[in-house]
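Trainee: Could you have a look at this structure, given as structure tokens, before my questions?
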Amino acid sequence: MLARVWSAALVGIDAVKVGVEVDVAGGLPGIVVVGLPDAAVQESKERVKAALKNAGYAFPMRKVVVNLAPADLRKEGPSFDLPISVGVLAATEQVDGRLLDDYLFLGEVSLDGSLRSVTGVLAIAATAKQLGIKGLVVPIDNAREAAVVQGLDVYGFKHLSEVTDFLNQPDRHLPVRVDGLKELSKAVFQGLNLKDVKGQAHARRALEIAAAGGHNLIFVGPPGSGKTMLARRLPGILPPLTFDEALEVTQIHSVAGLLRDRGALVSDRPFRSPHHSASGPSLVGGGSFPRPGEISLAHRGILFLDELTEFKRDVLEFLRQPLEDGCVTISRTRQSVTFPAQFTLVASTNPCPCGYFGDTVQPCTCSPRNREHYWAKLSGPLMDRIDLQVAVNRLKPEEMIQQPKGEESESVRARVQLARERAGVRFADETLRCNAEMQSRHLRQWCQLDEATSKLLEGAIRKLGLSARATDRILKVARTIADLTGDDVLQTQHVAEAIQYRTIDRMQ
């Protein structure tokens with residue numbers, strides 16, 4: 001007898017509906033899985049056979065053929081265990097098959113018949129809604145994740161026997177319900193607070209501008225000046241995730257398998273801090289079956305690269321295209337996958353190999369040639385894409401011993417939120433979310449300069465040797481500074497302050 005159960009396979013952070021066809025017919029006893037399965041899917045036939053027997057069901061002593069359609073799409077992972085198990089039970093008439101066309105089935109099956117969670121369930125749930133599927137049947141640990149997608153009936157079960165009971169008597173079971181907006185509103189940020197920072201008013205101001213406009217930022221200064229401490233406090237002044245943004249972030253983390261202990265939604269903006277030994281594929285994503293890298297895991301959040309000059313130059317060059325386009329495309333022989341990567345880059349580095357170039361206390365021991373070689377790791381095009389370049393100086397002795405008196409993150413976040421709301425009104429008819437995403441046509445419309453301000457900017461371009469891209473970045477930063485002060489028109493002081501953040505463009 002033939003039975004068909006619906007499941008899904010992941011392609012990047014999207015999903016494709018997969019039909020699991022099970023045929024039980026005459027022939028030598030055994031089970032064959034076809035349809036481009038990987039090793040994990042091939043191993044599912046042994047798990048399914050043991051699970052059905054240990055759960056009290058009869059496994060047919062006949063030839064069982066499992067086809068995963070479409071046959072030209074590579075299938076991977078253990079999520080096909082449950083649909084194959086249900087297909088075998090339906091083909092042998094051990095369960096009622098009337099509901100099989102209405103639901104997608106996902107889940108790994110243990111040898112005792114219990115269900116284990118799998119990755120990518122939120123992405124599959126979103127696709128199921130688009131396709132008009134009635135609902136999902138998933139392991140209980142994935143139920144809240146899938147139920148975030150409204151308009152689906154999601155059923156979570158612990159054991160294979162509960163799934164068969166649902167198929168035979170669906171009225172005895174209730175779907176899982178999750179109010180995503182309510183879950184998001186209950187989130188409380190537990191990160192680090194700016195009030196703990198001593199001094200560093202200039203760097204704190206740069207953090208506020210970066211948060212308000214989504215601008216990339218680099219801190220340059222000697223060891224112990226507080227670069228890392230400042231960077232780790234940026235998430236605390238960012239506006240909270242909107243519901244749509246939280247869905248995007250959660251979907252990426254679901255595909256990457258990072259949701260097992262995080263509940264239904266990711267409520268905090270991501271903060272990713274890879275080690276400087278990270279490879280290019282680990283940053284941008286990749287693999288035989290492409291998976292999101294650090295820049296995609298930082299989507300709608302922060303990618304923090306500490307000790308930037310310790311990263312390999314070719315690895316840093318991988319960042320240029322995602323910083324410009326907000327996404328990364330990974331091409332393989334069989335498929336091309338695009339991952340979102342709209343993140344804010346925050347970096348820190350020492351000014352030279354010894355770390356003390358320009359320091360007022362510790363003398364620098366590096367030769368000019370060593371400093372030049374040190375900064376050569378950062379290409380001009382990459383530095384052009386960093387809007388705010390801030391020198392962080394060593395604290396004065398009196399600042400070191402005083403109690404922190406800095407402004408709290410909550411107050412700064414309130415100003416950032418107001419600036420973002422002003423930008424949101426301006427972008428009402430656009431797809432932009434912050435000033436850093438503006439293109440040339442937006443700059444012509446919203447960053448017009450008077451004659452005096454134009455001459456100031458022209459002089460800065462000549463003196464600093466700025467590129468066209470760096471000039472555009474200055475205008476974007478100036479627009480954010482104007483939003484923070486509540487001004488609709490760019491003024492000379494806004495552009496002058498923005499120019500200050502380009503003074504270490506080619507520091508040597």
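Trainee: Taking the chain as the reference, fit the longest principal axis to its C-alpha atoms, fit the long axis of helix 409-426 to the helix C-alpha atoms, and give the angle between the two in degrees, 0 to 90, nearest 10.
Mentor: With rounding to tens, the tilt is 80 degrees.
Trainee: Using each residue's phi in region 244-252, evaluate 6.51 cos²θ - 1.76 cosθ + 1.60 at θ = phi - 60° and report the 3J(HN,Hα) Karplus result to the nearest Hz, with x for Gly and Pro.
Mentor: Couplings: 5, 5, 4, 5, 4, 5, 5, 4, 5 Hz.
Trainee: For 327, 434, give the ranking by accessible area with the largest first, probe 1.4 Å.
Mentor: Greatest to least solvent exposure: 327, 434.
Trainee: Another question, then. How much length would be gained if the chain were fully extended between residue 402 and residue 168, taking 0.36 nm per residue of separation minus their Cα-Cα distance, in nm to one decimal?
Mentor: Result: 77.2 nm gained on full extension.
Trainee: Taking 0.36 nm per intervening residue step and subtracting the Cα-Cα distance, what contour gain separates residue 110 from residue 161 on full extension?
Mentor: Answer, rounded to one decimal: 17.1 nm.
Trainee: Let me ask something else. Just from its helices, what would the mean residue ellipticity at 222 nm be for the chain, if runs of 4 or more DSSP H residues each count -39500 (n - 2.57) and the sum is divided by every residue, rounded to the nearest 500 deg cm²/dmol?
Mentor: The helix contribution divided over the chain gives -11000 deg cm²/dmol.
Trainee: Moving on. In units of 2.2 N^0.38 Å, what is the alpha-carbon radius of gyration of region 182-324?
Mentor: That works out to 1.10 for region 182-324.
Trainee: Once both axes come from the Cα atoms, what is the angle between helix 121-130 and the longest principal axis of the chain, in degrees from 0 to 90, rounded to 10?
Mentor: Once rounded, the angle reads 80 degrees.
Trainee: Which value, to two decimals, describes the C-alpha radius of gyration of the chain once divided by 2.2 N^0.38 Å?
Mentor: Dividing the Cα Rg of the chain by 2.2 N^0.38 Å gives 1.17.
Trainee: Write down the percent of antiparallel bridges among all DSSP beta bridges whose residues are both part of the chain, to the nearest 5.
Mentor: 50
Trainee: Shifting gears a bit: For each pair in 198/463; 198/227; 158/186; 227/463; 312/396, compute the distance between the two Cα atoms and list the pairs where it is over 22 Å.
Mentor: Going by Cα-Cα distance, 198/463; 158/186; 227/463; 312/396 fall outside the 22 Å limit.
Trainee: Could I ask something else about it? Quick one: give the max-minus-min coordinate of the C-alpha atoms of region 332-467 along each principal axis, largest first, in Å.
Mentor: If we take the Cα atoms of region 332-467, the spans are 54, 50, 45 Å.
Trainee: Relative contact order, percent, of the chain when contacts are C-alpha pairs under 8 Å separated by at least 6 residues?
Mentor: It rounds to 13 percent for the chain.
Trainee: With everything on Cα atoms, drop me the angle between helix 39-54 and the longest principal axis of the chain, reported from 0 to 90° to the nearest 10.
Mentor: Roughly 50 degrees between the two axes.
Trainee: Quick one: grab Rg to one decimal and Dmax as a whole number for region 70-177, Cα atoms only, in Å.
Mentor: Calculated on Cα positions, Rg and Dmax stand at 13.0, 39 Å.
The values are calculated or read from the model by the stated rules, or taken from the named source; none is laboratory data. These figures come from a predicted structure and were not determined experimentally. Each accessible area value is taken on the protein alone, full model and side chains, heavy atoms only, with ligands, DNA and RNA left out. Shrake-Rupley method; radii C 1.70, N 1.55, O 1.52, S 1.80 Å.
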